[in-house]
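The block underneath contains the structure these notes are about, expressed in structure tokens.
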Amino acid sequence: QVQLVESGGGLVQAGGSLRLSCAASGTIFSINRMAWYRQAPGKQRELVAEITSGGSTKYADSVKGRFTISRDNAKITVYLQMNSLKPEDTAVYYCNTFLMPNSRGSYDDYWGQGTQVTVSS
């Protein structure tokens, strides 16, 4: 059973910073990509940032230069450092990972429960 536990969300003023963390636990054989998505009220879930097992990163245009994704493979944890936050960054942020739980299985997507980020103007 794989679990993703997120932390670090909250309320912050525009221009402020937050750091999200997502720790994976359970039976894990191999992890490929780890990513953060977000979903604002009335909008579709969108990719915010992703990082591959090799460390390559990709960002949504709206967060480039403000957000930084990183991972600690030993702790099986992915982070999202969010700086210069804007009200339009307000959303529920979801951790996502593409992993193989055991050597006989296959890669599949796993999701965290989501953490609320609210940026006030």
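What follows draws every value from the coordinates through simple rules; no lab data is involved. None of the values given here were measured: they were computed from a predicted structure. Neighbour counts run over all protein chains shown; Cβ positions are idealised from the backbone, glycine included.
List of remarks:
- Counting 0.36 nm for each residue step from Thr57 to Phe29 and taking away their Cα separation leaves a gain of 7.9 nm.
- Projected label distance in nm at Gln113 and Asp72, using a 7 Å step from Cα toward the beta-carbon: 2.1 nm
- Net +/- balance of residues flanking Leu99 in space, Cβ distance below 13 Å, scoring K and R +1, D and E -1: 0
- Here the spin labels are modelled as points 7 Å beyond Cα on the Cα-Cβ line, and at Arg45 and Leu11 they lie 2.7 nm apart.
- Rounded Å value of the spacing that divides the Cα centres of the range 1-55 and the range 67-121: 1 Å
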